[in-house]
Amino acid sequence: MNYDIKDITLADEGRGSVAWANKSMPVLNSIKDRFAKEKPLKGQRIGACLHVTTETASLMETLKAGGADVFLCASNPLSTQDYVAAYLVKDHDIPVFAINGENTETYYSHIKAVLDMKPTLTMDDGADLVSTIHSERRELIDGIIGGTEETTTGVIRLKAMAENGVLAFPLIAVNDANTKHMFDNRYGTGQSTIDGIIRATNRLIAGSVFVVCGYGWCSRGLAMRASGMGANVVVTEVDPLRALEAVMDGYRVMPIADAAKIGDFFCTLTGDINVIRKEHFLIMKDGAIVANSGHFNVELDIEGLRQVAEYTGRIREYIDEYSLEDGRKIYVLGEGRLINLAAAEGHPSSVMDMSFANQALSTEYLVLKSKTLKNLVYSVPEDIDKEIARLKLAAMGIIIDTLTLEQETYLKSWEMGT
Ligand code: ADE
């Protein structure tokens, strides 16, 4: 079997950690049990480009239980848990191409290795598989029935492709499911980003000025958690509605040019490029800590920082020091790559449970329905989204009310007022 991982002997370590994650993934486990009986993915070859984590291992096992052959590469050079890669190869014969810390060349060679397996379905986190297929491996298109996309950044890329009329097979935007972004993006990113910043720095959040760039679902989660730990949260935004929401959620909102002067911690989660630029680094306080938790390492203009500050070395794992001319120091975490996966372990399993349940069920849906779909970006069907919420509540032992007949009638009527 072809694979490229750090060290197969790490498999034993991976086994325990995957089992631990699995304990918090009841919804995915129930899908796995059904898949094992019904084999809805029989004959499919799934090429996956995801963060190689314990939770992803559970998803790979689920897809394989459903009858698919699966091939996995990393969706970020720094997020691979090498012991998980080893476990998947050793225990499940899944070809994995991912090594933590791989350079850009190896990263893309791993994407190509997965594409060499001629997938019939793609599963992306950031749209790198789909974009490589469309730009360099077009001969694969006829054999692909569709794909899924995990993250906001990837969905934005795919929607741009669909709008330009270049998308060549149907895609399901898993990120847009309520049971994905309302939980994974908000509570998952909120907790894991704080986790990454703390693991990297071991600094106290309480009493600090914590600047959150952006106020989408991920940023809302981070602002909420930083505030909960006693930080004085400042939000920067370009969208007036989101900025207003941040104000009414109790945060100070201001341009990055003002926030740059007062922040102790900075974290970007916007999905756009060069959100913190050299003019902002130049006015930061001595000791400012700067991180990114957006999908790509484009949000911090590190090149610009290098133009105005000297790189003075990695002073601790994940912390790079830059010295401005007057001696002030700026600290960049995890090379500006998404800090929740670079320095921590990504979102906790209980939220990935719902995200990956959406992945598994969307893949099954594509197998059933792809012939009726156009080359567009589709939402996860509402019944799948609702079912995942129901299963999650049930697994948590939470029972909810149902409408009485009278209430149902009332909701459908227009005659009744006060
Ligand atoms: N994205 C964010 N957290 C993740 C995790 N734990 N596993 C896979 N993808 C992720």
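Residues being more than 26 Å from the chain's Cα centre (by Cα), farther than 19 Å from M254 by Cα and either among the aromatic types (F, W, Y) or part of a loop (DSSP other than H, G, I, E, B) (or both): count how many of those fall in the range 266-318.
Total satisfying the criteria: 3.
Tally the residues that are within 20 Å of the chain's Cα centre (by Cα) and among the aliphatic types (A, V, I, L, M), restricting the search to the range 99-113.
2
Restricting to the range 321-365, name every residue that is closer than 25 Å to R225 by Cα, more than 10 Å from the ligand (Cβ to nearest atom) and acidic (D, E).
E335, D353
Restricting attention to helices (runs of 4 or more DSSP H) lying wholly within the range 319-418, give those where 2 or more residues are among the aliphatic types (A, V, I, L, M) and within 26 Å of the chain's Cα centre (by Cα).
339-342, 349-369, 382-395
For the range 123-181, which positions are in contact (Cβ under 8 Å) with a residue 60 or more places away in the chain, surrounded by fewer than 22 Cβ atoms within 10 Å (Cβ to Cβ), in contact with a His (Cβ under 9 Å, 6 or more places away or on another chain) and not in a helix (DSSP H, G or I)?
Those that are in contact (Cβ under 8 Å) with a residue 60 or more places away in the chain, surrounded by fewer than 22 Cβ atoms within 10 Å (Cβ to Cβ), in contact with a His (Cβ under 9 Å, 6 or more places away or on another chain) and not in a helix (DSSP H, G or I): L167, A168.
Could you identify the single residue in S293, S362, S323 that is modelled with pLDDT of 95 or more, within 18 Å of I256 (Cβ to Cβ) and touching a strand residue (DSSP E or B) at 6+ places or on another chain (Cβ under 8 Å)?
Unique residue meeting the criteria: S293.
If you scan the range 35-62, which residues turn out to be away from the ligand (no atom under 14 Å from the Cβ) and touching a residue at least 12 places away in the same chain (Cβ under 8 Å)?
Once the filter is applied, which keeps residues that are away from the ligand (no atom under 14 Å from the Cβ) and touching a residue at least 12 places away in the same chain (Cβ under 8 Å), the range 35-62 yields F35, A36, E38, K39, P40, L41, K42, G43, Q44, R45, I46, G47.
Return yes or no: is I46 surrounded by fewer than 24 Cβ atoms within 10 Å (Cβ to Cβ), modelled with pLDDT of 95 or more and touching a Phe, Trp or Tyr at 6+ places or on another chain (Cβ under 8 Å)?
So I46 does not fit the description; no.
The values are calculated or read from the model by the stated rules, or taken from the named source; none is laboratory data. Nothing here was measured: the structure is a model prediction, and the numbers come from that model. Neighbour counts run over all protein chains shown; Cβ positions are idealised from the backbone, glycine included.
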